[in-house]
Amino acid sequence: MEGAPAARLSVNPVTGPELLAAIPDLARLRMGVFRAFPYLYEGSAGYEEAYLRTYAEAPGALVALARDGERVVGASTALPLVQETPDIQRPFLAAEQRREFDVARILYLGESVLLPEYRGQGLGHLFFDVREAHARALGLTVCTFCAVQRPADHPATPPGYRALGAFWHARGYQERPDLQTELSWQDVGEAGESPKPMRFWVRRLIPQG
């Protein structure tokens, strides 16, 4: 379980010029963290920087930076589901899911990335706290994210690897095998992109106050 964050660490939302100035650092951070299992992402700085600029432009988007002093050591993103790509929206637009979900009331939690040496200090919880507070501020009632599904015997699984399912459950998120999509990227060692199965986790927010 994560402990309390060290006093020198902070997590704060950034927008506008501050966000744009941080994009090169964020791109490098994402490429480094996502290169590890389970994402094994063979990224490019150009793609990452273009992707991150969408958060500077999309209404209701959030980027929260974790800093150690002035150094960016982690980041977490979110935006209303209606601003997301068709691949992310599609599972919630099926007939059965339409009876359960209002797409206009959902915040999609993008990525949380954190340098390994800063894990276990409470920043993972702070990332969720900041994004869930953002959902409430926007009047949204559901938070969701999706995670890649890798086979249990994947050859790149590192020794002692622990999935994050228990942490997500503790945060109140339910795994939804009925909500799945595919996203494509190039794995480390692949010649090109290939589709990856993604499964959603969902939490209904309890009103506060």
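The values are calculated or read from the model by the stated rules, or taken from the named source; none is laboratory data. It should be emphasised that the depicted structure is a prediction, and the values quoted were computed from it without experimental measurement. Here Cβ is always computed from backbone atoms with ideal geometry, including for glycine, and neighbour counts include all displayed protein chains.
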For this session: Would you confirm whether any residue within the range 110-118 is of a type outside the set (Lys, Arg), surrounded by 14 or more Cβ atoms within 10 Å (Cβ to Cβ), modelled with pLDDT under 95 and in a helix (DSSP H, G or I)?
Result: yes
For this session: Provide a single number: the residues in the range 158-209 that are β-branched (Val, Ile, Thr) and over 20 Å from Ala95 (Cα atoms).
Result: 2
Exercise. Mind checking which residues of the range 129-146 are hydrophobic (A, V, I, L, M, F, W, C), surrounded by fewer than 21 Cβ atoms within 10 Å (Cβ to Cβ) and free of Cβ contacts under 8 Å to residues at least 60 places away in the same chain?
Worked result: Ala133, Ala137
Exercise. Within the range 82-97, can one find any residue that is outside any helix (DSSP H, G or I), at pLDDT 95 or above, of a type in the set (A, V, I, L, M) and buried (at least 16 other Cβ atoms within 10 Å of the Cβ)?
Worked result: no
Exercise. Does Leu65 satisfy being under 16 Å from the mean Cα position of the chain (by Cα), closer than 24 Å to Gly165 by Cβ and surrounded by 14 or more Cβ atoms within 10 Å (Cβ to Cβ)?
Worked result: no
Exercise. Filtering the range 171-206 down to residues that are under 23 Å from His125 (Cβ atoms) and touching a residue at least 60 places away in the same chain (Cβ under 8 Å), which residue is surrounded by the fewest Cβ atoms within 10 Å (Cβ to Cβ)?
Worked result: Arg204
